[in-house]
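Some notes on the structure that comes next.
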Amino acid sequence: MGTNTTHITLTGNLTRDPEAGFTASGVFFARFSIAVTPRKFDQQSNQWTDGETTFWDTTAWRTLGEHVAESLKKGDRVIATGTVRTHRWQDKETNDVRSRVVLELDDVGPSLTWATATLSKATSNNGPGRTNGAGPSDDPWANSPGGGWEPSKSGDDQPPF
């Protein structure tokens, strides 16, 4: 992350199924929009009220994009974090300079506030000797019997979390 970047986290709902594809140079991407609606408690009416909804266009690249395309769909509530980017272009008809703000995703996952999820480890590779960030070489839990945690010799039989 650079010194002058805007990094944010959003919680909201997908407004459409992710649109997946490849750039001209062959890089995989998935695009979707997240609707974020703030809620506040109105003490006078003793009810929760919705604020104005903001719609965020998002892009997930490469392996993250593949996982988004395979896992998420319209209506899913997600927590997404990334860097805000402004995309500018010149309108071909009016010659005006146009722009839009996009959230380039670093990570995204289901919100478990009102849902449950069952996770499965991805099988695609993410670089030499790695499997999406946690292969046998860098997963301290992977090579231990009993699911990765073993009691210490001091008799402490509680997991360290």
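Computed quantities for the displayed model
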quantity	calculated
Some residue of the range 103-113 being at pLDDT 50 or above, in a loop (DSSP other than H, G, I, E, B) and not hydrophobic (A, V, I, L, M, F, W, C)	yes
One residue from Ala60, Ala24, Ala20, Ala30 being within 30 Å of Lys121 (Cα to Cα) and free of Cβ contacts under 8 Å to residues at least 24 places away in the same chain	Ala24
Members of the range 27-39 found to be part of a strand (DSSP E or B) and either surrounded by 10 or more Cβ atoms within 10 Å (Cβ to Cβ) or at pLDDT 95 or above (or both), listed by number	Phe28, Phe29, Ala30, Arg31, Phe32, Ser33, Ile34, Ala35, Val36
Of all residues making up the range 41-66, the number that are over 13 Å from Asp106 (Cβ atoms) and assigned to a helix (DSSP H, G or I)	1
Residue that is surrounded by 11 or more Cβ atoms within 10 Å (Cβ to Cβ) and not in a strand (DSSP E or B), where the choices are Ala24, Ala69	Ala69
Subset of the range 103-122 [of a type in the set (Val, Ile, Thr) and under 15 Å from Gly65 (Cα atoms)]	Val108
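The values are calculated or read from the model by the stated rules, or taken from the named source; none is laboratory data. For clarity, every value in this text was computed on a predicted model and none was experimentally measured. When we count neighbours, we look across all protein chains shown, and the Cβ atoms used for this are built from the backbone with ideal geometry, even at glycine.
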